[in-house]
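For reference, the structure discussed in these notes is given below.
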Amino acid sequence: MTAAFFEQEGPPEAEFHPGIARRMAHKTVAAGALIRDPAGRILFVVPNYKPHLDLPGGIVEPGEPPSAACRREVLEELGLDRPAGRLLVVDWTPGRGPWSDQVQFVFDGGVLDPGSDLRPAEDELTGLRWAPLDTADIRASLRRRLSLALTAIDTGTVIHAEMGHRYA
């Protein structure tokens, strides 16, 4: 994000009622990369903090664009430095268990040879797994989200979803 973008916006907006912004609802934002191999399998991470496979990616930090968060998280989790590709899906999921509701961005992570030198982050991952979407041990909403992401790759369109269901 460049300073020119902020200059175009002008000075920051002043609060008319001090403290109101802090009382407004805040959502968690996450960004992940859909990385495939030449056979069409998907690269999943095996987190040590939840029971199911997940995409490489993570939480967007305050002031960080989702695409930059995706790149940072893929680098941190896999040791792979590559820019996020085009946006495939924006999905909202409700809060569940310890997790708050989220807006999740899925970016195209491209095609990668499964023999590539990937280094899972030992502090948060127990490994990596390449798997076809239909056999991966993932939550139903993630399976739907990734199915939509594969459709977005084929059609060239960005898909808006809610809990993995296309919103139309």
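May I ask you to order 43-54, 155-166, 66-77 by the average number of other C-beta atoms within 10 Å around their residues, highest value first?
Details: 43-54: 16.6, 155-166: 14.3, 66-77: 21.0.
With the highest mean Cβ count within 10 Å placed first, the list reads 66-77, 43-54, 155-166.
Ratio of Rg to Rh for the chain, alpha carbon only, Kirkwood?
Numbers: Rg = 17.2 Å, Rh = 17.1 Å.
With Rh from the inverse mean 1/r over Cα pairs, Rg/Rh is 1.01.
If you wrap the tightest convex hull around every Cα atom of the range 81-168 and split its volume per residue, you get 131 Å³.
The string of couplings for the range 110-118 from the Karplus curve (6.51, -1.76, 1.60, θ = phi - 60°) is x, 10, 9, 5, x, x, 4, 7, 10 Hz, one whole number per residue in order, with x for Gly and Pro. Just report the Cα centroid separation between the range 140-156 and the range 88-103, whole Å. Spelled out, the Cα-based centre of one part sits 16 Å from the other.
Looking at the chain, what % of its DSSP beta bridges pair antiparallel, to the nearest 5? The antiparallel proportion sits near 60 percent. The fraction of accessible area contributed by carbon and sulfur in the chain is 56 percent, rounded to a whole number (1.4 Å probe; ligands and nucleic acids excluded).
Between 0 and 90 degrees, the angle of helix 66-78 with respect to the longest Cα principal axis of the chain falls at about 40 degrees.
For the chain, modelled as a GNM whose springs connect Cα atoms under 10 angstrom apart, the maximal fluctuation among LEU112, LEU55, LEU34 occurs at LEU112. Could you give the nm distance between label points at ASP101 and THR126, where each point is 7 Å from its Cα heading toward the beta carbon? Taking the two extended label points, one gets 3.2 nm.
Angle of helix 140-155 to the longest C-alpha principal axis of the chain, folded into 0 to 90 degrees and rounded to 10: 90°. Per residue, the accessible area of the chain comes to 59 Å² when a 1.4 Å probe rolls over the protein heavy atoms. Using the Cβ-Cβ distance between GLU162 and ASP81 with R0 = 41 Å, the FRET efficiency computed as 1/(1 + (r/R0)^6) comes to roughly 0.80.
The values are calculated or read from the model by the stated rules, or taken from the named source; none is laboratory data. Note that the structure is predicted; figures quoted are calculated from it, not measured. Backbone-built Cβ (ideal geometry, glycine too); neighbour counts: all protein chains shown. For the accessible areas, the whole protein counts, side chains as well, though only heavy atoms, and no ligand, DNA or RNA atoms are used. Shrake-Rupley method; radii C 1.70, N 1.55, O 1.52, S 1.80 Å.
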